[in-house]
Amino acid sequence: MTYVIVEPCIDVKDKACVEECPVDCIYEAPRMLYIQPDECVDCGACEPACPVEAIFYEDDTPDNWKQFIAVNAEFFKELGSPGGAAKVGPLPTDHPVVAGWAASA
């Protein structure tokens, strides 16, 4: 199990969670942040830091956002586990679900 970032992060990307993460496993893409599930150590430091309450422990993800469990995992299929977001920097594309998500009004 790991932590998951869900819909309220889309187009917000506050990054307070990034500052709290002791293992640098939160990666930035154009519209959202993503937690690398293999690098996350389940410490939970990111969850209270999120101002829009977009981070949940996987088992506690609300039903209406369960699809983001797969979105977060699939986002890293090609990238793998690079060993830290700071090494990689902002990534050029989001997961297709996030990329196609309607912008908030």
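Numbers at a glance
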read-out: Pairs where the first residue, in the stretch 49-70, is on the phi > 0 side of the Ramachandran plot and the second is modelled with pLDDT of 95 or more, C-beta under 7 Å, 6+ apart; value: 53/8
read-out: Every residue from the stretch 1-19 that is under 19 Å from residue 61 (Cα atoms) and either of a type in the set (Ser, Thr, Tyr) or part of a helix (DSSP H, G or I) (or both); value: 2, 3, 7, 8, 9, 17
read-out: The stretch 8-19, subset in contact with a helix residue (DSSP H, G or I) (Cβ under 7 Å, 6 or more places away or on another chain) and surrounded by 20 or more Cβ atoms within 10 Å (Cβ to Cβ), residue farthest from residue 89 (Cα to Cα); value: 10
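The values are calculated or read from the model by the stated rules, or taken from the named source; none is laboratory data. What you see is a predicted model, and the numbers here were worked out from it, not measured in a lab. Glycine gets a Cβ as well: all are built from the backbone with ideal geometry, and neighbour counts include every protein chain shown.
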